[in-house]
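A short worksheet on the structure shown next.
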Amino acid sequence: MFDAAPSPGHDRRPLPPAQSPVRGGPGPRTSVSTQEGQPQADRPGKQRDPFFDNAKYLAIVLVALGHSWSAIKTDNRALEGLYNVVYTFHMPAFIVISGYFSRSFDMRPDRLKRLITGVAVPYLLFQIAYSLFRRYAGQASDPISLVSPYYLTWFLCALFIWRLTTPLWKLVRWPLPVALGIAMVGSVTPGIDDNLDLGRVLQFLPCFVLGLLLKPEHFALIRRRRVRILAVPVFAAALAIGWWTVPRVDGGWFYRQSSAQDLGEPWWTGPLMTLAMFGCALLLTACFLAWVPGRRTWFTALGAGTLYGYLLHGFVVKTSLYMGGFDLAMRHGLLGSLVVTLLAPVAITLLCTRPVQRVFRFAMEPRMEWAFQQDAAELAREREKKDRQRERERDLQREQVSV
């Protein structure tokens, strides 16, 4: 999974404030493709970086594949090994990007409003929607709870907490070691995932903090040709190790949700596995981002709608599960697995398109001006923006007259 509600999601404002570009690295508003001599996007000053939109789209495709494979991977060691590899890095990649685009977050009123409307409100709406869907479609009797994230909604809950803590991480001298320490504590605290899914909030925290620390030159570094080539044997080794882990490593470790005690392991394995999983996630995320194209592609525009695809595809997956679609796929063996693997990217792609965004924008990006007081500083910025726009229009008119 990302501005006020990143991505895995739809950005509601331009990318972070422009900084002086570092030699050899793209600036926050400058795409990698622009650095390589490719044409810039339209609408100068408001263009998005194709690299990050491409990364978000490809990551959300991996999320959809992972959720689909989870229902058919039983008794298929190769698929389960691939599943373990994907779960090692697909959410860390999303979270790192979310942290990167959270660097400018502070407690300014307009940013708090975007956090509420872009993260908190969608969490509440989809938590209720998924709970009702589970009760009536899945015939479950569990009560609706707003403090126990169900299925996909944990990411919004975690993102809300992480982003609120962003100003604190800017004050800490060694933010990443501190975040890793907190994650290790989370890995040895039984029952921590009972409320707000704090197990994932704490164990994925280092990925978010790492994103806060990254700069454009770090992304330029992993985009080098040498890194792209090295990523090939790294992923090959990861697939082999993933196949090896299937009968030997509890799959719960890949979710970063439960403590070591909850998984039936000695407490001291929690901190060790936290460090090991973070190291593997960091390596595979770097390799994944090295392969992400920096130029505009046919799926670049879909990167702005990844939050839509993320939150909506769960209904597709659960519907297929309740209707026996995955059971049918399992009965057909390899052919069924291939069909699921092909249909998952198609479904998530459709859910990221603009027509879907227009239909569900009321839930993903509610405006809610009625709920907030107008901030004097924000009003002043709006007036200044309008004054600049009028001045540009007057200058344009004068130029036309002079011609």
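Numerical summary
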| item | result |
| --- | --- |
| Cα-centre dipole for the chain with unit charges at Cβ (Lys and Arg positive, Asp and Glu negative), debye to 20 | 1240 debye |
| Positive dipole terminus of the chain, leading residue within PHE94, ALA140, GLN203 (C-beta point charges) | PHE94 |
| Chymotrypsin sites (Phe, Trp or Tyr not before Pro) restricted to DSSP loop in segment 192-281 with at most 14 other C-beta within 10 Å | TRP267, TRP268 |
| Positive-end residue of TRP154, VAL172, LEU275, charge dipole of the chain with Cβ unit charges | VAL172 |
| Sum of -39500 (n - 2.57) over DSSP H runs of 4+, divided by residues of the chain (222 nm, nearest 500) | -19500 deg cm²/dmol |
| Cross-link table LYS56/LYS215; LYS215/LYS386; LYS113/LYS170; LYS215/LYS318, entries beyond 29 Å C-alpha to C-alpha | LYS215/LYS386; LYS215/LYS318 |
| Segment 279-327-segment 119-155 distance, computed between alpha-carbon centres (Å) | 21 Å |
| Highest to lowest packing among 302-310, 224-232, scored as the average C-beta count within 10 Å | 302-310, 224-232 |
| Selection of trypsin sites (Lys or Arg not before Pro), segment 234-301, meeting DSSP coil and at most 12 other Cβ within 10 Å | ARG248 |
| Counted charge near THR353, where neighbours are those whose Cβ lies closer than 14 Å (Asp, Glu -1; Lys, Arg +1) | +2 |
| Distance (nanometres) between label positions extended 7 Å along Cα→Cβ at ILE241 and TRP298 | 3.4 nm |
| Inter-probe distance in nm under a simple model that places probes 7 Å from Cα toward Cβ, at HIS332 and GLU384 | 6.0 nm |
| Directionally averaged projected area (convex hull, Cα atoms, the chain), nm² | 23.0 nm² |
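Laboratory data are not the source of any read-out in this text; all were calculated from the coordinates shown. All figures in this text were calculated on a predicted structure; none of them were measured in a lab. We place every Cβ from the backbone using ideal geometry, glycine too, and count neighbours over all the protein chains shown.
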